[in-house]
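J.: This is the structure I want to talk about, given as structure tokens.
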Amino acid sequence: MTDTPCSIEAQLENSLREIDIPPRPVILDRISAEMEKDEPDFNHLAHLIAADVALSASLIKITNSPFFGFRGRVHTPREALMLLGLNVASKAIAGIAMRRA
């Protein structure tokens, strides 16, 4: 049985709903500011994300979801950033923030 994009999105959304700790808005502002730079500091971004438990858990859970289909498991925000890239990670973080609002 093959998952359709709609069913994968539904699974992803259900997974995000299971994490009930909202991310801190200050952290999200700092992450946004760093990502908007011409040359964002990858290590600094990973550190900022790691400082917020809810955001870290959500980003790791998204990265490990069947939607992306990575073979290995991601255990840290830094690994998630490395696999997703800044563009996709930025969109994922924005999605996480919007679901919490």
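J.: Which of (1) farther than 26 Å from A10 by Cβ; (2) loosely packed, with under 14 Cβ neighbours inside 10 Å; (3) in contact (Cβ under 8 Å) with a residue 60 or more places away in the chain does P66 not meet, given it meets every other one?
T.: (1)
J.: Just to be sure, is R73 among the basic types (K, R), more than 11 Å from the chain's Cα centre (by Cα) and modelled with pLDDT under 90?
T.: Criteria not met by R73.
J.: Then there's this: Among the residues of the stretch 67-86, what is the count of those that are part of a helix (DSSP H, G or I) and either touching a helix residue (DSSP H, G or I) at 6+ places or on another chain (Cβ under 9 Å) or farther than 18 Å from F42 by Cβ (or both)?
T.: Counting residues in the stretch 67-86 that are part of a helix (DSSP H, G or I) and either touching a helix residue (DSSP H, G or I) at 6+ places or on another chain (Cβ under 9 Å) or farther than 18 Å from F42 by Cβ (or both) gives 9.
J.: Looking only at residues in the stretch 36-66 that are among the polar types (S, T, N, Q) and part of a helix (DSSP H, G or I), which one is nearest to P77 (Cα to Cα)?
T.: So, considering only residues that are among the polar types (S, T, N, Q) and part of a helix (DSSP H, G or I), the one nearest to P77 (Cα to Cα) is S56.
J.: For the stretch 76-88, give me the residue count where each residue is over 10 Å from the mean Cα position of the chain (by Cα) and more than 18 Å from E39 (Cβ to Cβ).
T.: Number satisfying all stated conditions: 3.
J.: Any chance the stretch 10-17 includes a residue that's assigned to a helix (DSSP H, G or I), under 11 Å from the mean Cα position of the chain (by Cα) and modelled with pLDDT under 80?
T.: There is at least one residue in the stretch 10-17 that is assigned to a helix (DSSP H, G or I), under 11 Å from the mean Cα position of the chain (by Cα) and modelled with pLDDT under 80.
The values are calculated or read from the model by the stated rules, or taken from the named source; none is laboratory data. Quick caveat: nothing in here was measured; it's all calculated off a predicted structure. For neighbour counting, all protein chains shown are included, and Cβ atoms are generated from backbone atoms with ideal geometry for every residue, glycine included.
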